[in-house]
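What follows is a short report on a single structure.
Only the coordinates and a few stated rules stand behind these numbers; no lab work does. This one's a predicted model, so the numbers in the text were calculated from it and none came from an experiment. Positions of Cβ are generated from backbone atoms using ideal geometry, with glycine treated the same way; all protein chains shown enter the neighbour counts.
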Amino acid sequence: MSGSATPFSARRRTVLGAAVAAGVTIPALAALVPDASAADDTPGYSVRHVEVDVQVGPDDDVPCTIAADLYTPDGVDASRKAPAILTTHGFGGAKDDDSQVAAAQGFVGEGYVVLSYSGLGFGGSTCKIYLDDPAYDGKAGKQLVSVLAGEKEYRLAGTTTTRRVRTVAKEAPGDPKVGMIGGSYGGEVQYAVAMQDKRVDALIPIITWNDLAYSLAPNNTALRGVHPTEPGVTKKQWVDLFFGAGIIDGIDDAQVDPTRNVGCPNFDNSVCPAAVQLNAAGYPDEDTEQIARESSVSSYIERIKAPTLLVQGQADTLFNLQEATATYRSLRAQGTPVRMIWQSWGHSQSTPAPGELDLGADSIRDTYLGRRFLAWMDHWVRGDESRPTGPRFSYFRDWVDYDTSAGAAGQAITKAYGRRSALPGRSKTLYFGGRSPYVLRYDLDFVAGGQQFETNTGPAPTSYSETSGVQDRLDTPPYDTEGTAAVWTSRRLSRPAAWVGSGKLLVHLDAPEAEQTQTQPAGRLILFAKVYDVAPDGSTLLLPHRLISPVRVPDVTKPVRVELPGIVHRFPTDHRIQVVLAASDAAYANNVAPQPVTIRTSPNRPSLLRMPITTKLRFQPQSALQE
């Protein structure tokens, strides 16, 4: 392999769809992936383009055809068999995407047979998009496992010639040694397949969801894991890009299966009403939540027994770190072998740190994540127990210097990854002061009070965090319009403070108008919580990875607990930690009525911030300028 590839993503086609939907032109997308024409003349493997007929649906009565590529290493045959990898792409992608081809090449180069396929509704495969529903996408994947087992025939693409795979090693008759890897949509489908098929030996789901209802309309209060017990707040921009990309893909591939676009275009017919509900109402109704739940591992996690290496992106406002954390905790609690990595990149910024992952490298072993992926498969699929499975929890730290040169980064980056045996707890607490200047403070020695602001329902939101899907190509800073947000700021730090994980707020509200209208979701108060890193001069605000926590408050008369975004960030010396509760955000649904809101705090009933700080937390002495 040569060049570089955008890793395990749907960037080629999803970003194009995003650009159309958002009215944004994306330059030089071709530069993100290697030139397929530059492939090695002697790659060390062979590829067959194949088709597999499958029956899916709750009653197995929906016929579909899967387009796939079967990669076989040189020297592997019926007498010298090898373990296998089953892989598919992100949303809007296809088996032919350069990044997907590069992923297959990486594993076939390590002696694995690889079956890389286009998911239902994408890239040459027929049927509609079923959102990784186990009854559809899971059953399709199960039948592909049977192809690798040699139990089910495949067809050479464009012919009627059928054959069987004879090259995959087995643990028992009909039970191939097989693992799955893929990102985003190609991450969630692994759970769907493993739920249907115990023959899958290992999973590596990358930047994917735990609960799709949370992903598309989060409510960061009243949570069980990440599952909101109350309706959330629609991520309007991500929802539009998500559905727009699926529809565009159906148009592009209409010649493959014209029925894709009958009814709900390229989606199962239940999905279009859900999209309308999310956009029109700004929150999911019960039917929408049910559709999302059926396509979420959170609803069947107890059936996932395959060892799982969770890989989630810090730069990801679509599927955030809380999603992988919820899956990790559930798997660990039930005894499923699991490890978790928080890598640097995700849906919001798709370029890995130098040495982190490059699917176009000469070998998958040349990068940190590549080595972790290979070791996981070697241990659990190949059966080489001498191969380490890695630390229980590891996370990239962008403040750690290392040699980023091309020849050294792949090894040097290891020191930028922290490792822990457990997730950090919320070990430090700061209290909201009651009077101006509003300070986050260590003690309860302050006067009771609060901050008032106004919600806004005009056409222009009064706060901005990101433009979803294309933020890494824009330079618009985040902002909160004065008078539409409550702000508390710490004193200057006397030493750096490292935050690893999700903080939590406890706030007390006074919102008399919302108190009268909160019996229905539409009438409930919406707030957006976030944490800024404030530069010494106060002029620069850094919102780590543009992550925020929307909340639709079920009852403003009760204390509200808000889970803040999961981040990995170091606040430097002389910087300040700032908490903001805003009335709106440009990327989300917003309040339907203007109203006054007050955040209250007192020594007896303090509003407060709890933080997962992994270092000592020290502030400079207060001064008249700081407090």
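Data for the structure
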| item | result |
| --- | --- |
| Translational D in µm²/s for the stretch 243-393 (Stokes-Einstein at 10 °C, 1.306 mPa s, Kirkwood Rh from C-alpha pairs) | 86 µm²/s |
| Burial ranking of peptide ranges 205-213, 337-345, 422-430 (average Cβ count within 10 Å, highest at the top) | 205-213, 337-345, 422-430 |
| Packing rank of 307-314, 257-264, where each peptide gets the mean count of other beta carbons within 10 Å, highest leading | 307-314, 257-264 |
| Computed [θ] at 222 nm, helices only, for the chain once each DSSP H run of length n ≥ 4 contributes -39500 (n - 2.57) | -5500 deg cm²/dmol |
| Evaluated at q = 0.19, 0.21 Å⁻¹: base-10 log I(q)/I(0), Debye formula over Cα of the stretch 321-473 | -1.24, -1.35 |
| Assigned charges on the beta-carbon of Lys, Arg, Asp, Glu; the chain dipole about Cα centre (debye) | 2280 debye |
| Diffusion coefficient, µm² s⁻¹, Stokes-Einstein with Kirkwood Rh over alpha-carbon pairs of the stretch 428-611 at 20 °C and 1.002 mPa s | 128 µm²/s |
| Full-stretch length increase - residue 80, residue 510 - with 0.36 nm per residue and alpha-carbon distance subtracted | 147.7 nm |
| Kirkwood-type radius of the stretch 423-513, with distances r between different C-alpha atoms, in Å | 16.4 Å |
| 0 to 90° range, to nearest 10: angle between helix 368-377 axis and the chain longest Cα axis | 50 degrees |
| Residue 385 versus residue 351: modelled label distance in nm, points set 7 Å from Cα along the beta carbon direction | 4.5 nm |
| Computed label-point distance, nm, for sites residue 540 and residue 408 using a 7 Å Cα→Cβ extension | 2.6 nm |
| Gain upon complete extension [residue 615, residue 443; 0.36 nm per residue less C-alpha separation] | 60.0 nm |
| Among 271, 90, 344 the positive-end extreme of the charge dipole of the chain (Cβ point charges) | 344 |
| Computed label-point distance, nm, for sites residue 175 and residue 495 using a 7 Å Cα→Cβ extension | 5.3 nm |
| Kirkwood-based shape ratio for the stretch 523-627, expressed as Rg/Rh from alpha carbons | 0.98 |
| Paramagnetic label zone (point 7 Å from Cα along Cα-to-C-beta, residue 420; backbone N under 11 Å) in the stretch 491-508 | 498-503 |
| Percent RCO, i.e. relative contact order, over the stretch 428-611, from Cα pairs under 8 Å lying at least 6 residues apart | 38 percent |
| Segment residue 363-residue 400, extension gain: residue separation times 0.36 nm, minus the distance between their alpha carbons | 10.8 nm |
| Within the stretch 11-420, percent of DSSP bridges classed antiparallel, to nearest 5 | 50 percent |
| Proximal lysines to residue 198, defined as alpha-carbon separation beneath 22 angstrom and excluding residues fewer than eight positions away on the same chain | 81, 139, 142, 152, 170, 177, 305 |
| Reach of residue 616 by Cα under 16 Å, taken over aspartates and glutamates that are not fewer than 8 positions away in the same chain | 574 |
| Proxy reagent accessibility, fewest Cβ within 10 Å first, across 45, 191 | 45, 191 |
| Part-to-part distance (alpha-carbon centres) for the stretch 101-173 and the stretch 477-517, which is given in Å | 48 Å |
| 12 Å Cα-Cα reach of residue 530 towards aspartates and glutamates, excluding residues that sit fewer than 8 places from it in its own chain | 480, 563, 585 |
| D_trans [Stokes-Einstein, Kirkwood Rh over alpha-carbon pairs] for the stretch 467-559, 10 °C, 1.306 mPa s, µm² s⁻¹ | 99 µm²/s |
| Cα-only Debye scattering, the stretch 201-322: base-10 log of I(q)/I(0) at q = 0.12, 0.16, 0.18 Å⁻¹ | -0.51, -0.87, -1.04 |
| Model label zone, residue 279; criterion: amide N under 20 Å from point 7 Å along Cα-to-beta-carbon; scope the stretch 106-143 | 129-131 |
| FRET efficiency, 1/(1 + (r/R0)^6) with R0 41 Å, evaluated for residue 303 and residue 251 via beta carbons | 0.70 |
| Using distinct alpha-carbon pairs, which all enter the 1/r mean, Kirkwood radius of the chain in Å | 25.2 Å |
| Size descriptor, Kirkwood hydrodynamic radius, that averages inverse alpha-carbon separations across the stretch 362-406, Å | 12.2 Å |
| Residue (of 444, 597, 179) at the positive-pole extreme of the chain, dipole from beta-carbon charges | 444 |
| Size of the stretch 506-563 as Cα extents on the principal axes (Å, biggest first) | 43, 19, 17 |
